[in-house]
Amino acid sequence: MNADSRTRLNQKPEWTALAKHREELGEVRLRELFAADPGRGAGYTLQVGDLHVDYSKHLVTDETLRLLRELAAAADVFELRDAMFRGEKINTTEDRAVLHTALRASRDAVIEVDGENVVPGVHAVLDKMAGFADRVRSGEWTGHTGKRIRTVVNIGIGGSDLGPAMAYEALRAFTDRELTVRFVSNVDGADLHEAVRDLDPAETLFIIASKTFTTIETITNATSARNWLLTELKADQDAVAKHFVALSTNSEKVSDFGIDTANMFEFWDWVGGRYSYDSAIGLSLMIAIGPDRFREMLDGFRLVDEHFRTAPAESNVPLLLGLLGIWYGNFHDAQSHAVLPYSHYLSKFTAYLQQLDMESNGKSVGRDGEPVQWQTGPVVWGTPGTNGQHAYYQLIHQGTKLIPADFIGFAEPVADLLPGLVGQHDLLMANFFAQTQALAFGKTPDEVRAEGAAEELVPHKTFQGNHPTTTILARELTPSVLGQLIALYEHKVFVQGAVWNIDSFDQWGVELGKVLAKRVEPALTEGAEVPGLDESTKALVAKYRELRGR
Ligand SMILES: O=P(O)(O)OC[C@H]1O[C@](O)(CO)[C@@H](O)[C@@H]1O
């Protein structure tokens, strides 16, 4: 691969061809595209596993898609993909392999890092997790006083929180209702306080999830949780072993904290935090849904991995979704991307994707260390429909910004919901379909007039339409379907990072704030002089101390 040639992405003929094509298409109208091709609705669809993906409501033609695929080829996307699956160290700034795909590889697969097959280790940890999860679920694992565990509290942040928290919500219908899981991430003590205040410590298990085991928020919360537990139980340090387990790559720090390393579930530096909830980081989820369902979820991931690895470019769904994002971000100046799940169970899905996408592709320096000269990752945002419809959809429909959106919905409601529900799922999904229709085709002034609107209101009631959306539809939100969805987005993010020639697997941008926080803290607590503190922050710190009466 030639890193230099990728750096000059916007000087490549494939890029220029796309820019020219964009000019020629001008303000292409979805109404026209559908009028010109009545088969578009059924034709612009792909299937991957259980996911039916409709991309007909995009501002693209066959030619656009062909040119986008050529750009991907010119950027060596598939070469980089193959290098990732082979275990090469494509996270160059950290000199690490990127092998979240190995976390869901089948037992007999062989994937080597530095000459060692990592798959047996992955399955050994999965088996250990399964054994532990079964013991907690059955009540065989008891706390210090002999009581069974009723609540699991996962303490972690970023990738050590968002993934399991999202998936626990998503798969609530599959959870053991006798056992609940709570998630604590914020260093604001209120988070831990609210999570434990009504719990019986004797029935509580803390899972301390931290890849590095040095993250200040997590270690602080874990220390406070240990204090709470020992105080409430009036127990000594021995009680820790029955109420604390760790998920980490750092056995030394785990042991320093007082957790028995026999109760540590390991993962590896080739798993990025935001790509880790299908590793040991998913232990809380496994306890909640059981090992079999967890494995079904891994099967879902693997299905999409295989698709991404082997499907031709024309039918490769992660490639398509990645390229559509590039079309809008780089050739239409779109700044953001909305993800709008029409499932209450996916209430944390977009928050999870924010880290996956924005921590991966929020970069402005290429893999060669040169500043990139094109837009990279979008702002990802969204909440479940239909709540968003009554909040910010106004701006998507009639505002001045182009906001491509993914609509995710399901034909069946997940679980046996309340018997008295009055056809709510069809109503939910009617909104789902209606919104993408309204966004795409809008309402013309003539249509508004035909409804008898007063002339002065016609411009206000007109919908320009032409807002692009992808629709992802599956039968039901099962563990496997969740795995498929997450792998789809993981690989979409990969495609975009590969085209933009950035390292999607490092996160140097979070470091500065961490270092400065450490430096500022003594100024808050002790009024210490912090060298290099700017005048604005100095004044704010002084105000803070005054307000705290210090
Ligand atoms: O699992 P750890 O090491 O505590 O890190 C938590 C999170 O912090 C980050 O390193 C930076 O915010 C994320 O990438 C990671 O998911």
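The values are calculated or read from the model by the stated rules, or taken from the named source; none is laboratory data. Because the structure is a prediction, the values reported are computed rather than measured. Neighbour counts run over all protein chains shown; Cβ positions are idealised from the backbone, glycine included. Ligands, DNA and RNA are stripped out before the accessible areas are found, and what is left, the full protein with its side chains, is counted by its heavy atoms. Shrake-Rupley method; radii C 1.70, N 1.55, O 1.52, S 1.80 Å.
Close contacts from the range 523-550, counting a first residue that is farther than 21 Å from L512 by Cβ and a second that is among the basic types (K, R) and outside any helix (DSSP H, G or I), with Cβ to Cβ under 8 Å and a gap of 6+ residues or different chains, come to G527/R550. Taking the condition modelled with pLDDT of 95 or more and in a helix (DSSP H, G or I), does R545 pass? Yes: the conditions hold for R545. Might you check whether a residue that is hydroxyl-bearing (S, T, Y), open to solvent by 10 Å² or more (accessible area, probe 1.4 Å) and more than 23 Å from V481 (Cβ to Cβ) occurs anywhere in the range 346-363? No, the conditions are met nowhere in the range 346-363. If the condition is being within 16 Å of the ligand (Cβ to nearest atom) and more than 18 Å from the chain's Cα centre (by Cα), then the range 461-507 contributes only I502. The strands (runs of 3 or more DSSP E) found wholly in the range 371-485 and carrying at least 3 residues that are touching a strand residue (DSSP E or B) at 6+ places or on another chain (Cβ under 6 Å) and aliphatic (A, V, I, L, M) occupy 469-474. Just one of the listed residues (A288, A262) is out of contact with any strand residue (DSSP E or B) (no Cβ under 7 Å at 6 or more places or on another chain) and away from the ligand (no atom under 16 Å from the Cβ), and it is A262. In this structure, V495 does satisfy being of a type in the set (A, V, I, L, M) and assigned to a helix (DSSP H, G or I). Applying the condition of being in contact (Cβ under 8 Å) with a residue 24 or more places away in the chain and open to solvent by 10 Å² or more (accessible area, probe 1.4 Å) to the range 182-194 and asking which residue is nearest to the ligand (Cβ to nearest atom) yields S185.
I'd like the residue in the range 310-323 that is open to solvent by less than 10 Å² (accessible area, probe 1.4 Å) and over 18 Å from the mean Cα position of the chain (by Cα) and, out of all such residues, is farthest from I486 (Cα to Cα). Ranking the candidates gives L323 first.
Rundown of residues vs (1) of a type outside the set (D, E); (2) assigned to a helix (DSSP H, G or I); (3) surrounded by 15 or more Cβ atoms within 10 Å (Cβ to Cβ); (4) over 26 Å from the mean Cα position of the chain (by Cα), yes/no style:
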position	(1), (2), (3), (4)
T64	yes, yes, yes, yes
L67	yes, yes, yes, yes
L80	yes, yes, yes, no
A102	yes, yes, yes, no
L126	yes, yes, yes, no
A130	yes, yes, yes, no
D134	no, yes, yes, yes
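Out of all the residues in the range 156-167, is one or more away from the ligand (no atom under 16 Å from the Cβ), crowded, with 18+ Cβ neighbours inside 10 Å and at pLDDT 95 or above? No, the range 156-167 contains no residue that is away from the ligand (no atom under 16 Å from the Cβ), crowded, with 18+ Cβ neighbours inside 10 Å and at pLDDT 95 or above. For the range 337-369, filtering for residues that are in contact with a Leu (Cβ under 7 Å, 6 or more places away or on another chain), within 13 Å of the ligand (Cβ to nearest atom) and assigned to a loop (DSSP other than H, G, I, E, B) leaves 0. Looking only at helices (runs of 4 or more DSSP H) that lie completely in the range 208-309, which have at least 1 residues being open to solvent by 50 Å² or more (accessible area, probe 1.4 Å)? Ranges flagged: 216-233, 240-243, 251-257. For the range 195-207, filtered to residues that are open to solvent by less than 20 Å² (accessible area, probe 1.4 Å) and either assigned to a loop (DSSP other than H, G, I, E, B) or out of contact with any Asp or Glu (no Cβ under 7 Å at 6 or more places or on another chain) (or both), the residue that is nearest to the ligand (Cβ to nearest atom) is I207.
Looking at the range 508-519, is at least one residue away from the ligand (no atom under 14 Å from the Cβ), of a type in the set (F, W, Y) and more than 16 Å from the chain's Cα centre (by Cα)? No; the residues of the range 508-519 include none that is away from the ligand (no atom under 14 Å from the Cβ), of a type in the set (F, W, Y) and more than 16 Å from the chain's Cα centre (by Cα). Against the definition (of a type in the set (G, A, S), open to solvent by less than 60 Å² (accessible area, probe 1.4 Å) and part of a helix (DSSP H, G or I)), how does G509 come out, yes or no? Criteria not met by G509. Name every residue in the range 398-439 that is open to solvent by 30 Å² or more (accessible area, probe 1.4 Å) and among the hydroxyl-bearing types (S, T, Y), in order of residue number. Passing the criteria: only T400. Considering the range 104-124, the residues that are assigned to a loop (DSSP other than H, G, I, E, B) and among the aliphatic types (A, V, I, L, M) include one that is farthest from S315 (Cα to Cα), namely V118.
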